[in-house]
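J.: Next up is a structure, given as structure tokens.
Bear in mind these aren't lab numbers, they're just calculated from the coordinates by the rules spelled out. On a predicted model such as this, the values are computed, not experimentally measured, just so you know. We place every Cβ from the backbone using ideal geometry, glycine too, and count neighbours over all the protein chains shown.
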């Protein structure tokens, strides 16, 4: 009986969609075992340095290696790090820029790409679902941390939009997360639906029930985990950045390089951050990253299982370090705990995210 | 001893000593050292004698099941069992390891090894279950989840819950079924059904219920759980998992107890069911009863939706307002309900205190939806300064095309040409409706409530929407008009180089330490580029062209982003037509011809 009454508390609805007031089982668990993000980046100096290099005075996160552009994903990362660093003014600046410049679509999702020297600066009206998830998650954490109802309302509006418009409810793999509103569904592509497994922001799925409990985020998370275990291509047995589910079983998607690349390297980061710490969650990535013939982190061509490019900025090495920490308890190398001067936006961001994730989930990796 | 003798002897000994008890009942204070020594030596008669002696000393004691299978060295496990009994698993494992080092070839007895495994599994499973790590529970369970072992019912329940919460409902169902098949304790059986109701689809629960017995009087075993079962069935209806509703007598019985129950959730459940079955009149009464019984903000949310369904918008607004703080769903509903009224072409008069309240909630929640609604309301009331204030906030919080358009109209009315020019230029290439304001023939074509209404034109209007199209002038042939248009556009400050960044912030930005100052570009472009998901710009028919988009796209998109329907298979698509919002439209899904490589090129770093 208690299960039923707990579920009753999950009743929820919106103006458009009155959700059923009972969510059976699943959603209830997700909030119970998660930890708040607030104050999980105690290294204030690291955050100050990050802001001075990547956050404009107007609150725009600048992708320094990519023509100084911005994207919804980067804004989401910045908002998360600001909550983790307990920097409300910084959070307000980044969120303020994000909504004033990216929420131009007419719904509750962000346009994904913004280029400072163009007319107009918004490059594409399409959204990137990971960016929206990151922003909604950061707003949820901000609402929890600082009790501001405006953050909670914005978080809910975005989460409801994702839940009702971007999740394919019934596939043979369970619920699927579309990477964007346009261009990925079976209607839009011959090999659709096409997914990006690095858009599965697992730690967000554990927290979005706080604002939108009527959606089965836990089920989405479990289905994503299963897909990651199935999408193992070529000799390296790694997922490609983009996969097609047209044939039922995951395949590298048409028209995209069949590579384990800039996108997919974040998969183990999100797994570890959500507490998925079993060796089987990380060993295939660690095996690929353990190659020593080049410098840094290899991106892998899946047909041959060979590296195509080595990412030698040090921040990238936080990814294997976090996987090793999560699955083997290996301490995070000291050098990774402070940001590197001269690094670009993406590796510097990944390093701070990994540090935050370790602090949240695996604090013992930071002792010594 | 010849090997063939052992089974026969064991049989007779079993008869002698009544080998019936379960292993769990073994008395660990019985000193079996001598017994196990003789057994290890194969001394049948001595084992028999020692067995009789121990049985006489300790009533209820029986010969250990593994007496003949235990390997040498297993006899003296008393200290190990002591560690086992005190739950010192780590100590026990250490002690076993030490003993194996000291006595090579020594193994703990099968009994101890099996019980140790069980205890470890139990500890691990219950710990993971306690922290709701259900995937781990299901993984740990291994073969245990197959239902072969339901002796430890607490463990079996935890495993079943882990399975059910890991998308492995068929295995959970099998485990619950095994409990009902093999266990007879009525409390355990009831608890099993209750757990299943909370975790399994009701269609599976119905199968478990059918496994119940019937007593002599013919009443079913789980009759006492009738209300729980009805709750489960109602929940199934609410989840679209049960066709055809409930048996009227069953529902009537549930309603009867809900009417008298102190628990507000009972009435609320009846209310949600009525709303789901499109009986808003019934739902209203039940939601009100639930509120009266102390129902929470979610009950109030259901009440507000019911009132909306009954056309009682004013009452819905009050309920949503009163319950806005405990649950943001209500705050959002409050904003959206009045938004629908404020943005009507000829909005109703709204009492000042209601408007003030709406403005306060809009500001507190920094709602772009609320701010643009107030902007339009003020605009249509010819209060353009106020309208601009609200539109600027809306543009800071949710700068959709209609909002920027409203801001531009307000600037136009206030004759703030420079600000208007900046706004139009900022959204060139993105918002056709806004850009149209720079074109001579597309400005101010439709008189609003604040416009002088020229008699001739009004006459041609049907006052209704159909008449509005008459006001749109048909474009003249390109040549002459293009140059005229260019001149007029220049007078309107278009195109002009402006910062592409929307600077509006409410409340104003405060500094937050050292931040980056990106380099200013050498020159701002004057020609817009193509943006994916945007319709043609209004000057394109006049012969002006756009630069290619970031991904090489040259032509406009067939379907503008705002008109795209979500993909088939999403909740939105499944429920489209049943429950539509007040301001959004969802045309039937169509294929978009825009190149898929827009997505492919994303994340080129």
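J.: Using alpha carbon coordinates only, what is the Rg to Rh ratio of segment B:109-215, with Rh defined as the Kirkwood radius? Write out the running numbers ahead of the final one.
T.: Details: Rg = 13.7 Å, Rh = 13.9 Å.
Reported Rg/Rh (Cα atoms, Kirkwood Rh): 0.98.
J.: Other chains near A:93-100: what is the mean number of their Cβ atoms within 10 Å of each residue's Cβ? It would help to have the intermediate numbers written out before the result.
T.: Values: counts 7, 2, 1, 10, 5, 0, 10, 12.
If you average over the peptide's residues, the count of other-chain Cβ atoms is 6.
J.: How high is the FRET efficiency between residue B:101 and residue B:325 when r is their beta carbon distance and R₀ equals 45 Å, given to the nearest 0.05?
T.: Working: r = 66 Å, r/R0 = 1.46.
Given R0 = 45 Å and the Cβ-Cβ separation, E is 0.10.
J.: In vacuo Debye scattering of the protein assembly as shown, one point per C-alpha: log10 I(q)/I(0) at q = 0.07, 0.08, 0.09 Å⁻¹?
T.: -0.70, -0.87, -1.05
J.: What ranking do B:126, B:333 get, fewest neighbouring Cβ atoms within 10 angstrom at the top?
T.: Details: B:126 14, B:333 26.
Neighbour counts put them in this order, fewest first: B:126, B:333.
J.: I've got another one for you. Please build a GNM for chain A, connecting alpha carbons under 10 Å apart, and tell me which residue among A:258, A:287, A:110 fluctuates the most.
T.: Comparing A:258, A:287, A:110 in a Gaussian network model of chain A, the most mobile one is A:287.
J.: Taking 2.2 N^0.38 Å as the expected size of a compact globular protein, what ratio does the Cα radius of gyration of segment A:115-219 give against it, to two decimals?
T.: Working: Rg = 14.9 Å, N = 105, 2.2 N^0.38 = 12.9 Å.
Ratio of Rg to 2.2 N^0.38 Å for segment A:115-219: 1.15.
J.: Next question, about the same structure. May I ask you to give the average projected area over all directions of the convex hull of the Cα atoms of segment B:266-361, in nm² rounded to one decimal? Don't skip to the answer; put the middle values down first.
T.: Working: hull surface 25.0 nm².
For segment B:266-361, the mean projected area of the Cα convex hull comes to 6.2 nm².
J.: Continuing with this model, one more query. Put a dot 7 Å past each Cα toward the Cβ at residue B:545 and residue A:65; how far apart are the dots in nm?
T.: Simple spin-label model gives 3.6 nm for this pair.
J.: While we're on this one: Can you give the helix-only mean residue ellipticity at 222 nm for the protein assembly as shown, where every DSSP H stretch with n ≥ 4 adds -39500 (n - 2.57) and the sum goes over all residues, rounded to the nearest 500 deg cm²/dmol?
T.: Numbers: 42 runs with 475 residues, N = 973.
Value at 222 nm, helices only: -15000 deg cm²/dmol.
J.: Have a look at A:178, A:309, A:133 and tell me which one the Gaussian network model of chain A (Cα, springs below 10 Å) gives the largest fluctuation.
T.: Between A:178, A:309, A:133, it is A:309 that shows the largest mean-square fluctuation.
J.: Here is a further query. Measure off 7 Å from each Cα along the Cα-to-Cβ vector at residue B:206 and residue B:241, then give the distance between these two points in nanometres to one decimal.
T.: It is 1.3 nm.
J.: For peptide B:398-411, what's the mean number of Cβ atoms from other chains within 10 Å of each residue's Cβ?
T.: Details: counts 10, 8, 5, 3, 1, 2, 1, 0, 0, 0, 0, 0, 0, 0.
Across B:398-411, the average partner-chain Cβ count within 10 Å equals 2.
J.: In addition: Work out the FRET efficiency for residue B:143 and residue B:123 from their Cβ-Cβ distance, taking R0 = 22 Å, and round it to the nearest 0.05. Please report the intermediate quantities before stating the final value.
T.: Details: r = 18 Å, r/R0 = 0.80.
Taking R0 as 22 Å, the efficiency between residue B:143 and residue B:123 is 0.80.
J.: Same structure, new question: I need the semi-axes of the equivalent ellipsoid of chain A: take the C-alpha gyration tensor, multiply each eigenvalue by 5, square-root it, list largest first in whole angstrom. Walk me through the numbers before you get to the answer.
T.: Details: eigenvalues 155, 125, 99 Å².
Semi-axes from the Cα gyration tensor: 28, 25, 22 Å.
J.: Same structure, new question: Note the full-extension length gain between residue B:386 and residue B:213 as 0.36 nm times their separation in residues minus their Cα-Cα distance, in nm to one decimal.
T.: Details: separation 173, 0.36 × 173 = 62.28 nm, distance 7.28 nm.
Result: 55.0 nm gained on full extension.
J.: Right, something else. Only Cα pairs within less than 10 Å get springs; with that Gaussian network setup on chain A, which residue of A:209, A:333, A:347 has the largest fluctuation?
T.: Result: A:333 has the largest fluctuation of those listed.
J.: Listing A:35, A:158, A:94 from the residue with the fewest other Cβ atoms within 10 Å to the one with the most, what is the order?
T.: A:35, A:158, A:94
J.: Please arrange A:83, B:534 by counting, for each residue, the other beta carbons lying within 10 Å of its beta carbon, fewest first. Present the calculation step by step, with values, prior to reporting the outcome.
T.: On the way: A:83 29, B:534 26.
If I rank by nearby Cβ atoms, fewest first, I get B:534, A:83.
J.: Partner chain Cβ atoms within 10 Å, averaged over the residues of B:513-523 - can you pull that number for me? Please list the in-between numbers first.
T.: On the way: counts 10, 7, 14, 14, 4, 9, 3, 2, 4, 1, 1.
Averaged over the peptide's residues, the number is 6.
J.: Further, regarding this structure: What full-extension length gain, to one decimal in nm, is calculated for residue B:131 and residue B:353 as 0.36 nm per residue of separation minus the Cα-Cα distance? Write out the running numbers ahead of the final one.
T.: Numbers: separation 222, 0.36 × 222 = 79.92 nm, distance 4.87 nm.
Full extension from residue B:131 to residue B:353 adds 75.0 nm.
J.: What is segment A:284-368 by shape, rounded, prolate or oblate, if you read a ≥ b ≥ c off the alpha carbon gyration tensor as root eigenvalues and call it rounded for a/c under 1.5, prolate for a/b larger than b/c, and oblate otherwise? Show your work: numbers first, answer last.
T.: Details: a/c = 2.30, a/b = 1.41, b/c = 1.63.
It is oblate, given that a/c is not under 1.5 and a/b is not larger than b/c.
J.: Suppose a student asked you for the relative contact order of chain A, using Cα pairs under 8 Å spaced at least 6 residues apart; what percent would you report? Mind showing how you got there, number by number?
T.: On the way: 701 pairs, mean separation 51.2, N = 368.
Relative contact order comes out at 14 percent.
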